[in-house]
Amino acid sequence: MILTLISAENITQKLKKALPVTALESVDSTNLLGLKAARDGAISGTTFVALRQTAGRGRLGRSFFSPQGGLYLSIVLRPQTEASAALSVTTAAATAVCRALDGFCTEKPMIKWVNDIYIADRKVCGILTEGAFVPNSTRLDYAVVGIGLNLTEPAGGYPPEIADKAGAVFGKENVPDEIKEALAAAVLNEFFALYDDAHIQNGLEEYRRRSYLDGKTVTYQKDGNTHIARVLGVDESVHLVLEENGQKIFLEAGEVSVCVNKQLKQH
Ligand code: BTN
C-alpha cells in the first residue's frame with residue numbers, strides 16, 4: 001500500500017476562517033475523534049481529516065466503508081440552537097459538499113434525501129451528524145458533522161453490499177494529496193459560509209434544487225409494508241414529498257430505494 005500524507009497546514013492556508021485542523025493518514029473514525037474532542041471542550045470548528053478509517057460510522061448504526069482513496073472529515077460544532085436545528089447542520093453540509101465538488105468535477109453533484117451525495121447515479125459521499133444535548137434541556141451541547149467522500153475507486157472494487165450504488169468522484173483516477181487538501185479546504189469554506197453557531201443557514205433552496213430523487217419512482221417501508229410512490233420533491237421542512245395512489249405523503253425520516261426498470265436498487 002502506498003502511504004499518502006496530507007498536511008493540516010496546507011489545508012488551513014486555504015481557509016477563509018481560522019480553524020484548528022488535524023490531518024491524519026489513518027484513524028478509526030473521524031467522528032469518534034470529534035465526539036471525544038467535543039466532550040473534552042474542543043472549540044467549534046475543530047476539524048479532523050483522514051485519508052482512511054478503520055471503523056467508519058454510517059447512518060442507522062451501519063459502518064461506512066472508508067478505504068484509502070477517500071477523504072473523511074469531521075467538524076465539531078457548538079450550535080446555540082434547539083436540537084431540532086441538527087437537521088440544518090446536515091442540509092448545510094450536503095449543500096456545502098455539492099458546492100465544493102462543483103469546483104472539481106464536471107458532472108453536477110445531486111443530493112439524495114436526506115444526506116447522500118450522488119454523481120452520475122452513484123453515491124460518492126455520505127454525511128452523518130451526531131451530537132449530545134445539554135443535560136435536562138432540548139438544546140444541543142455539541143454536534144459533530146462527518147463527511148465521507150469516495151474520491152478514487154478502491155483497487156479491489158467496492159464490497160458486494162454497496163457495489164451496485166457506490167461510486168467515486170474521480171472514478172479510477174488517483175488523486176494527488178494536494179487535490180485532497182484543496183477539496184477539504186473547499187468543503188470547510190463552503191460549510192462555514194452557511195454555518196455559524198448562532199445562526200445556521202440550511203442552504204435549503206439549493207438543497208431542494210439539487211434533489212436527486214425528484215420525479216423518480218421509489219419504495220419505502222412503513223408499518224412493515226413496502227410502499228411504492230413517485231417523488232414530488234423536498235419541502236421547506238426537509239420532508240420528502242411523495243405521490244402514492246393519488247395522495248400526497250410526507251416522509252420525515254427514513255430511507256427510500258429507487259426503482260430502476262421495475263427492479264429495486266437498494267440505496
Ligand atoms: C452514511 O452514508 O451512512 C453516512 C456516512 C458518514 C461517513 C463519515 S466519514 C467521516 C465521518 N467519520 C465517520 O466515522 N463517519 C463520518
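The values are calculated or read from the model by the stated rules, or taken from the named source; none is laboratory data. Keep in mind that this is a model prediction, so the values were computed, not measured. Here the Cβ is made from the backbone with ideal geometry for all residues, glycine too, and neighbour counts use every protein chain on show. In case anyone asks, the SASA skips ligands and DNA or RNA and just uses the protein heavy atoms, side chains included. Shrake-Rupley method; radii C 1.70, N 1.55, O 1.52, S 1.80 Å.
How big is Rg to Rh over the range 159-245, alpha-carbon atoms, Rh as the Kirkwood inverse-mean-distance radius?
That ratio equals 1.08.
What size of dipole, in debye to the nearest 20, comes out for the range 1-144 about its Cα centre when the only charges are +1 on Lys and Arg C-beta atoms and -1 on Asp and Glu C-beta atoms? Could you put the intermediate results ahead of the total?
On the way: 16 positive and 11 negative charges, 31 e Å.
Roughly 140 debye for the range 1-144.
Tell me which of PRO154, VAL144, PRO176 sits at the most positive position along the dipole axis of the range 141-229, charges placed on C-beta atoms (Lys, Arg +1; Asp, Glu -1).
Towards the positive end, the residue furthest out is PRO154.
If packing is taken as the average number of other Cβ atoms within 10 Å across a peptide's residues, how do 53-65, 246-258 rank, most packed first?
Going by the mean number of other Cβ atoms within 10 Å, highest first, we get 53-65, 246-258.
Counting only protein heavy atoms, what percent of the accessible surface of the chain is carbon or sulfur at a 1.4 Å probe?
Looking at the chain in its full context, I get 50 percent from C and S.
Helix by helix, which DSSP H runs in the chain go 18 Å or more along their axis at the Cα atoms and have an average Kyte-Doolittle hydropathy of 1.0 or more?
Those that clear 18 Å and a mean of 1.0 are 86-102.
Taking the Cα centre of the chain as origin and charging only Cβ (+1 Lys, Arg; -1 Asp, Glu), how large is the dipole, in debye to the nearest 20?
About 300 debye.
Quote the charge dipole size of the range 146-196 about the Cα centre in Debye, to the nearest 20; the model charges only the Cβ of Lys and Arg (+1) and of Asp and Glu (-1).
About 140 debye.
7 Å from Cα along Cα→Cβ at both HIS199 and ILE249: what's the point-to-point distance in nm?
Each label point is offset 7 Å from its Cα along the Cβ direction, giving 3.9 nm.
Along the charge dipole of the chain, Cβ charges K/R +1 and D/E -1, which of GLN80, ALA38, CYS259 sits furthest on the positive end?
CYS259
Run through every distinct alpha carbon pair of the range 39-130 and return the Kirkwood hydrodynamic radius in angstroms, one decimal place.
Hydrodynamic radius (Kirkwood, Cα pairs) of the range 39-130 is 14.5 Å.
Cross-link list LYS112/LYS172; LYS108/LYS165; LYS172/LYS216: which exceed 19 angstrom alpha carbon to alpha carbon?
LYS112/LYS172; LYS172/LYS216
If you project the alpha carbons of the chain onto the principal axes, what extent comes out on each, in Å, largest first?
Result, largest extent first: 55, 48, 30 Å.
Given the options LEU213, ILE228, VAL238, identify the residue whose Cα lies farthest towards the positive end of the charge dipole of the range 195-250 (+1 on Cβ of Lys, Arg; -1 on Cβ of Asp, Glu).
So the residue furthest toward the plus end is ILE228.
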